[in-house]
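J.: Before anything else, here's the structure in question.
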């Protein structure tokens, strides 16, 4: 990193002091902590750029979480960055390249933001986010969110790759790409319920439609593709709220098997990823929730869930308490518990994996509690 001027030092330290930064060592003299920390937030940098990560809507010295080097994973200790860390909450993550940070270190709000995501946090729980190379580059498009709910922009489907996060009422956020290849965008609403520390994912086929967009070169651009969500400019809050549905069921998996992380799969195949970005459930780790597409039909659709251990050598089928294959209905909460019940732990019959239906999420009251337009 280049040597920082005394003026830059003064501005950064003043900003940290005035805004109550709890990690002044991360910004003093313009230094960024690039070392791995023993924390709960894990970022995987799949790009060829060093990235400086911030919390909050706009990059600022007080919001610096640290740096993550190109092509590496890193865990961040964010326990002292959020007053409600022990209870749980959510935050916006922003990322800029190291070069961009150095160029704008005295005016970080002017820096080019190439990474944006939503992350949850709570003492004892981990969250993982990936920074992908396809979404850092010289091309892009502009998105806005006119709703009161945060929107994840996903590629090629509501269960597709998350390429950006638009906070409520976000205007003119640039999403960068590495090519001009057209992409199909699906807006998926997400919000965090502080009352019960749950994330709810919502979509609506009647109001929020997919949008195909062609990224444009952003340097000296005469035209940049733009899009607002909801796609219907005449949509009111009432029509939005009435059309929202759960595209998935929410399945909390509890692993009571000692010394073994387990994988939650469909039919023993590809591992499912949890809401917090992990593909495995550690022993004794609480509140690991998976979003699984079920059916909107009453009673749900059969889903052959299999929990695998020992790199797939042991595969345990998930059954209901009466021994049936589970039926999953969108909008419902379920709970799966796996435990060892005997033997030497080397065959499936040494384990029990039971799924229980908890309840249907009351989306109406939660959505109505969000202020209207």
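J.: Looking at (1) closer than 26 Å to residue 128 by Cα; (2) surrounded by fewer than 17 Cβ atoms within 10 Å (Cβ to Cβ); (3) at pLDDT 95 or above; (4) over 23 Å from the mean Cα position of the chain (by Cα), which one does residue 302 not meet, given that it meets all the others?
T.: Evaluating residue 302 over (1) closer than 26 Å to residue 128 by Cα; (2) surrounded by fewer than 17 Cβ atoms within 10 Å (Cβ to Cβ); (3) at pLDDT 95 or above; (4) over 23 Å from the mean Cα position of the chain (by Cα) leaves (1) as the failure.
J.: State which residue is nearest to residue 91 (Cα to Cα) when the search covers only region 50-73 and only residues that are touching a helix residue (DSSP H, G or I) at 6+ places or on another chain (Cβ under 7 Å) and in a loop (DSSP other than H, G, I, E, B).
T.: 56
J.: Would you please name the residue that is nearest to residue 198 (Cα to Cα), looking only at residues in region 82-129 that are within 18 Å of the chain's Cα centre (by Cα) and part of a loop (DSSP other than H, G, I, E, B)?
T.: 88
J.: Let me ask you something else. Of the residues 110, 70, which is over 30 Å from residue 255 (Cα atoms), surrounded by fewer than 16 Cβ atoms within 10 Å (Cβ to Cβ) and either modelled with pLDDT of 95 or more or in contact with a strand residue (DSSP E or B) (Cβ under 7 Å, 6 or more places away or on another chain) (or both)?
T.: That would be 70, the only listed residue that is over 30 Å from residue 255 (Cα atoms), surrounded by fewer than 16 Cβ atoms within 10 Å (Cβ to Cβ) and either modelled with pLDDT of 95 or more or in contact with a strand residue (DSSP E or B) (Cβ under 7 Å, 6 or more places away or on another chain) (or both).
J.: Does residue 331 satisfy the criteria of being more than 20 Å from residue 193 (Cβ to Cβ), surrounded by 12 or more Cβ atoms within 10 Å (Cβ to Cβ) and either under 23 Å from the mean Cα position of the chain (by Cα) or at pLDDT below 95 (or both)?
T.: The answer is no for residue 331.
J.: I need a count of the residues in region 228-243 that are within 22 Å of the chain's Cα centre (by Cα) and either in a strand (DSSP E or B) or surrounded by fewer than 20 Cβ atoms within 10 Å (Cβ to Cβ) (or both).
T.: 2
J.: Answer yes or no as to whether residue 253 is under 18 Å from residue 355 (Cβ atoms) and buried (at least 18 other Cβ atoms within 10 Å of the Cβ). Steps first, answer last, please.
T.: On the way: under 18 Å from residue 355 (Cβ atoms): yes; buried (at least 18 other Cβ atoms within 10 Å of the Cβ): yes.
Answer is yes for this residue.
One line per residue, one yes/no per condition, for (1) in contact with a strand residue (DSSP E or B) (Cβ under 8 Å, 6 or more places away or on another chain); (2) closer than 23 Å to residue 84 by Cα; (3) not in a strand (DSSP E or B):
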site: 164; (1), (2), (3): yes, no, no
site: 179; (1), (2), (3): yes, no, yes
site: 189; (1), (2), (3): yes, no, no
site: 192; (1), (2), (3): yes, yes, no
site: 195; (1), (2), (3): no, yes, yes
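J.: What number of residues within region 140-151 are crowded, with 20+ Cβ neighbours inside 10 Å and outside any loop (DSSP other than H, G, I, E, B)? Can you show your working first?
T.: As a first pass, look at region 140-151 and keep what is crowded, with 20+ Cβ neighbours inside 10 Å: 140-141, 143, 145, 147, 149-151.
Next cut, outside any loop (DSSP other than H, G, I, E, B) only: 140-141, 143, 145, 150-151.
Counting residues in region 140-151 that are crowded, with 20+ Cβ neighbours inside 10 Å and outside any loop (DSSP other than H, G, I, E, B) gives 6.
The values are calculated or read from the model by the stated rules, or taken from the named source; none is laboratory data. Predicted model only: the values in this text are computed from it and were never measured. We place every Cβ from the backbone using ideal geometry, glycine too, and count neighbours over all the protein chains shown.
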